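Peer 1: Attaching a single structure in structure tokens format; questions to follow.
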Amino acid sequence: MPIAPTRCGYVALIGAPNAGKSTLLNRLVGCKLAIVTPKPQTTRTPLLGIAIEDRTQIVYVDTPGIFSPRRRLDRAMVAAAWLGAEDADQMVLLVDAARGIDRDTRRILERLAERDRDTILALNKIDLVRRDSLLGLADALSRAAHFDRVFMISGRTGDGVDDLRRHLAAILPQGPWLFPEDQLSDVHERQIAAEITREQVFLQLRDELPYASTVETERWEDKKDGSVRIEQVIYVQRPSQRAIVLGEGGERIKAIGARARNELERMLDRRVHLFLFVKVSENWLDDRERYAALRLDCDV
Ligand SMILES: Nc1nc2c(ncn2[C@@H]2O[C@H](COP(=O)(O)OP(=O)(O)OP(=O)(O)O)[C@@H](O)[C@H]2O)c(=O)[nH]1
Ligand SMILES: [Mg+2]
């Protein structure tokens, strides 16, 4: 019996901030690669999650949310999101079904309508809404841009996700797999480790602080006893922000470190010694080196 040909392709997950792209990527790949928080603009750089479905290797691209950018970092994030999308074989637009068509989604639809590219619509977070409201929303979206297929999913519960996955596996182009069979992502452990700490910064700090900070892994040392020593720096822009991240008597940084360490130990399946430092770097947002670390070193 002839063996079916292999297929491989890139699938970009795009959408407004907070639509659920990173949650869906983690579910599609089956492990936590991308950080997820209730705050918008969590994801800052595109990230690959690689999964195999039958004879198809699907390379999912999680992208930063697309919104009207103001700061330089924001412009870089949005530019990176579109770049990730336009290079892909297939785009999946995620729309938060509970939120409906907000301003950011409307802008994305306008840009999609200008282009002649296959796009799939995924109405996400269907666990939050009544089924009968979904058809009206799908209709309104389909009037604004052309979609080849519409899926109703919940990245959180997994509802409808298998249908989407099977569809993608069937339509991606024939060709050899681009990554080794066991590769899950393009990001290194030390980058994921920095993201895990940044997730805690997002979850545990309020107001503008998450947006005024970034995290870098500076040292990674594998110990003889199987544990790992990780040193990371949390960069903030002002001394007053440093004081908040540290908290009274260092309480806040301790809590951030404790949660991040737990999460890292689960992810790496070994003991982790995590050391966090907070540094003020007024210009980390504009610093070329920081951009390189964020892999956003593009001219915007
Ligand atoms: N109820 C429900 N919540 C969801 C679902 N998918 C994601 N969420 C929640 O929505 C919030 C945002 O999820 P993310 O996956 O970080 O969204 P995102 O699109 O990657 O956001 P950015 O990276 O900021 O653009 C988190 O609190 C998630 O837990 C879903 O299917 N149902
Ligand atoms: Mg995200």
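Peer 1: Looking at (1) within 16 Å of ligand 2 (Cβ to nearest atom); (2) surrounded by 19 or more Cβ atoms within 10 Å (Cβ to Cβ); (3) at pLDDT 95 or above; (4) not in a helix (DSSP H, G or I), find the lone condition where residue 40 falls short.
Peer 2: Condition not satisfied by residue 40: (2).
Peer 1: Sticking with this one: Only residues that are over 22 Å from the mean Cα position of the chain (by Cα), farther than 18 Å from residue 171 by Cβ and of a type in the set (D, E, K, R): list them for the range 116-153, please.
Peer 2: 130, 131, 132, 139, 143, listed by residue number.
Peer 1: If residue 216 satisfies every condition in (1) part of a helix (DSSP H, G or I); (2) within 22 Å of residue 46 (Cβ to Cβ) but one, which is the exception?
Peer 2: So the condition that residue 216 fails would be (1).
Peer 1: Still on this structure: Being closer than 30 Å to residue 243 by Cα, free of Cβ contacts under 8 Å to residues at least 40 places away in the same chain and within 16 Å of ligand 1 (Cβ to nearest atom) narrows it down to one residue among 129, 215, 201; which is it?
Peer 2: Working: 129 fails: closer than 30 Å to residue 243 by Cα; 201 fails: free of Cβ contacts under 8 Å to residues at least 40 places away in the same chain.
Of 129, 215, 201, the one residue that is closer than 30 Å to residue 243 by Cα, free of Cβ contacts under 8 Å to residues at least 40 places away in the same chain and within 16 Å of ligand 1 (Cβ to nearest atom) is 215.
Peer 1: Starting from residues that are part of a loop (DSSP other than H, G, I, E, B) and closer than 17 Å to residue 198 by Cα, keep the ones in the range 43-62 and report whichever is nearest to ligand 2 (Cβ to nearest atom).
Peer 2: 43
Residue-wise test of (1) crowded, with 19+ Cβ neighbours inside 10 Å; (2) in contact with a strand residue (DSSP E or B) (Cβ under 7 Å, 6 or more places away or on another chain); (3) over 16 Å from residue 61 (Cα atoms); (4) not aromatic (Phe, Trp, Tyr).
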position	(1), (2), (3), (4)
174	no, yes, yes, yes
184	no, yes, no, yes
188	no, no, no, yes
197	yes, yes, yes, yes
200	yes, no, yes, yes
207	no, no, yes, yes
210	yes, no, yes, yes
216	yes, yes, yes, yes
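Peer 1: State yes or no: is residue 104 in contact (Cβ under 8 Å) with a residue 12 or more places away in the chain and exposed (fewer than 15 other Cβ atoms within 10 Å of the Cβ)? Talk me through it step by step, then tell me what you get.
Peer 2: Details: in contact (Cβ under 8 Å) with a residue 12 or more places away in the chain: yes; exposed (fewer than 15 other Cβ atoms within 10 Å of the Cβ): no.
The answer is no for residue 104.
Conditions tested, residue by residue: (1) in a helix (DSSP H, G or I); (2) touching a residue at least 12 places away in the same chain (Cβ under 8 Å); (3) over 17 Å from residue 19 (Cβ atoms).
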| site | (1), (2), (3) |
| --- | --- |
| 109 | yes, yes, no |
| 116 | no, no, yes |
| 155 | no, yes, no |
| 158 | no, yes, no |
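Peer 1: Return the pairs, sorted by first residue and then second, in which the second residue is surrounded by fewer than 24 Cβ atoms within 10 Å (Cβ to Cβ), the first residue lies in the range 49-70 and is without any contact (Cβ under 8 Å) to a residue 12 or more places away in the chain, the beta carbons are less than 6 Å apart, and the residues are 6+ apart or on different chains.
Peer 2: Note: pairs meeting the criteria are 69/75; 69/78.
Okay, residues lined up against (1) assigned to a helix (DSSP H, G or I); (2) in contact with a Pro (Cβ under 9 Å, 6 or more places away or on another chain); (3) near ligand 1 (Cβ under 10 Å from one of its atoms); (4) within 27 Å of residue 42 (Cα to Cα):
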| position | (1), (2), (3), (4) |
| --- | --- |
| 64 | no, yes, yes, yes |
| 91 | no, no, no, yes |
| 101 | no, no, no, yes |
| 133 | yes, no, no, no |
| 151 | no, no, no, yes |
| 165 | yes, no, no, yes |
| 168 | yes, no, no, yes |
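Peer 1: Tally up the residues in the range 1-37 that are assigned to a loop (DSSP other than H, G, I, E, B), on the phi > 0 side of the Ramachandran plot, within 13 Å of ligand 2 (Cβ to nearest atom) and not polar (S, T, N, Q), please.
Peer 2: 1
The values are calculated or read from the model by the stated rules, or taken from the named source; none is laboratory data. Given the structure is predicted, the values throughout are model-derived calculations rather than measurements. Every residue, glycine as well, gets a Cβ built from its backbone with ideal geometry; the counts of neighbours run over all protein chains shown.
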